[in-house]
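Contents: one structure, followed by commentary.
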Amino acid sequence: MKQKISLNTLYNIMYDHMDPNGWWPGRSDWEVIWSTVLIQNTNWKNVAKVNISLFKKTQFLPQNILKLTDQELADVIKSTGFYTRKVKTIKILANFFKQYNFDLEQVTCMPKDELRNQLLKLHGIGPETSDVILMYALQKGEFVVDKYCRRLFSCLGVELASYDQAKKLIESHLDNFTLRQYQNFHAMIDMFNQEYKLPSQFKDSFLAPYQLIIPH
């Protein structure tokens, strides 16, 4: 019989086995923000290459990105795929921050829910992308319900509902979680999926003896 565990216990078991530090690298918070768009439907290797070129062209600064024509920006990010859509989203994001004089400290002072709602109104920014931006660039604790989370939780006996329903349920059971813990949990879930092909290899993992319980 599997041992029943809570979300906090799952976090601690994973932290004892993994090192999540430095999961989402970035020369600056701006690099992190653009990376959340560039990573969509591609892999990190492609994003890392593009970021080298994007830094040379713009220093990752949104005001410099807005000086580029759409074609100039497309030429820089083309290898990440879906570049027409990504150019539009990056420009929209840059203009969003222009409202706040490109001052990330000013933006981080906004209430989390208000900031999340504003991001979700932007074309090309869905719940997952907004939560990653909030967590890694704007210092707001968020639980990211990505495909890796769904795979792992399914292996642990929990089938998640829609994004916002699952997020609300999970966050209500994360006791006294800090920003770093949210970042660590997201990193470890994604790292676990990299180390083990789920669901086939779950039985060989250090989490195999456990069943996750999330009261509704």
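Going by the conditions given, is Trp34 farther than 19 Å from Ala74 by Cβ, hydrophobic (A, V, I, L, M, F, W, C) and not assigned by TED's automatic domain parsing to the domain that holds His186?
Spelling it out, it is not the case that Trp34 is farther than 19 Å from Ala74 by Cβ, hydrophobic (A, V, I, L, M, F, W, C) and not assigned by TED's automatic domain parsing to the domain that holds His186.
Is it the case that segment 165-176 has a residue that's outside any loop (DSSP other than H, G, I, E, B), surrounded by 18 or more Cβ atoms within 10 Å (Cβ to Cβ) and within 14 Å of the chain's Cα centre (by Cα)?
Within segment 165-176, one or more residues are outside any loop (DSSP other than H, G, I, E, B), surrounded by 18 or more Cβ atoms within 10 Å (Cβ to Cβ) and within 14 Å of the chain's Cα centre (by Cα).
With Asn46, Asn12, Asn8, Asn41 as the choices, which residue is in a helix (DSSP H, G or I), farther than 17 Å from Leu134 by Cα, outside the structural domain of Cys149 (by TED's automatic domain parsing) and not β-branched (Val, Ile, Thr)?
That would be Asn46, the only listed residue that is in a helix (DSSP H, G or I), farther than 17 Å from Leu134 by Cα, outside the structural domain of Cys149 (by TED's automatic domain parsing) and not β-branched (Val, Ile, Thr).
Just checking, does segment 51-65 include any residue being of a type in the set (A, V, I, L, M, F, W, C) and farther than 13 Å from Glu31 by Cβ?
Checked against the condition, which is being of a type in the set (A, V, I, L, M, F, W, C) and farther than 13 Å from Glu31 by Cβ, segment 51-65 yields no hits at all.
Considering only residues that are among the basic types (Lys, Arg) and either over 22 Å from His123 (Cα atoms) or touching a residue at least 24 places away in the same chain (Cβ under 8 Å) (or both), which ones fall in segment 37-81?
Lys45, Lys49, Lys56, Lys57
I need every pair where a residue in segment 99-112 that is without any contact (Cβ under 8 Å) to a residue 12 or more places away in the chain has its Cβ under 9 Å from the Cβ of a residue that is part of a loop (DSSP other than H, G, I, E, B) and hydroxyl-bearing (Ser, Thr, Tyr), sequence separation at least 6 or different chains.
Gln106/Tyr100; Met110/Tyr100
Residues to consider are Gln201, Gln165, Gln194; find the one that is without any contact (Cβ under 8 Å) to a residue 60 or more places away in the chain and more than 17 Å from Met14 (Cα to Cα).
Testing whether each residue is without any contact (Cβ under 8 Å) to a residue 60 or more places away in the chain and more than 17 Å from Met14 (Cα to Cα) leaves just Gln165.
Report, by residue number, each residue of segment 204-216 that is surrounded by fewer than 16 Cβ atoms within 10 Å (Cβ to Cβ) and in contact with a Cys (Cβ under 9 Å, 6 or more places away or on another chain).
Ala208 - this is the single residue of segment 204-216 that is surrounded by fewer than 16 Cβ atoms within 10 Å (Cβ to Cβ) and in contact with a Cys (Cβ under 9 Å, 6 or more places away or on another chain).
Is it the case that segment 156-163 has a residue that's among the acidic types (Asp, Glu) and in a helix (DSSP H, G or I)?
no
Might you let me know whether segment 149-171 holds any residue that is small (Gly, Ala, Ser) and in contact with a strand residue (DSSP E or B) (Cβ under 7 Å, 6 or more places away or on another chain)?
Yes, some residue in segment 149-171 is small (Gly, Ala, Ser) and in contact with a strand residue (DSSP E or B) (Cβ under 7 Å, 6 or more places away or on another chain).
In segment 186-216, which residues are within 20 Å of Gln3 (Cα to Cα) and not in a loop (DSSP other than H, G, I, E, B)?
Passing the criteria: Ile189, Phe192, Phe202, Lys203, Asp204, Tyr210, Gln211, Leu212.
Which condition from (1) surrounded by 15 or more Cβ atoms within 10 Å (Cβ to Cβ); (2) touching a helix residue (DSSP H, G or I) at 6+ places or on another chain (Cβ under 9 Å); (3) within 20 Å of Met14 (Cα to Cα) is the one that Ala187 breaks?
(2)
The values are calculated or read from the model by the stated rules, or taken from the named source; none is laboratory data. No experiment lies behind these values; they were computed from the predicted model shown. Using ideal geometry, Cβ is built from the backbone for each residue, glycine included, and neighbour counts are taken over all protein chains shown.
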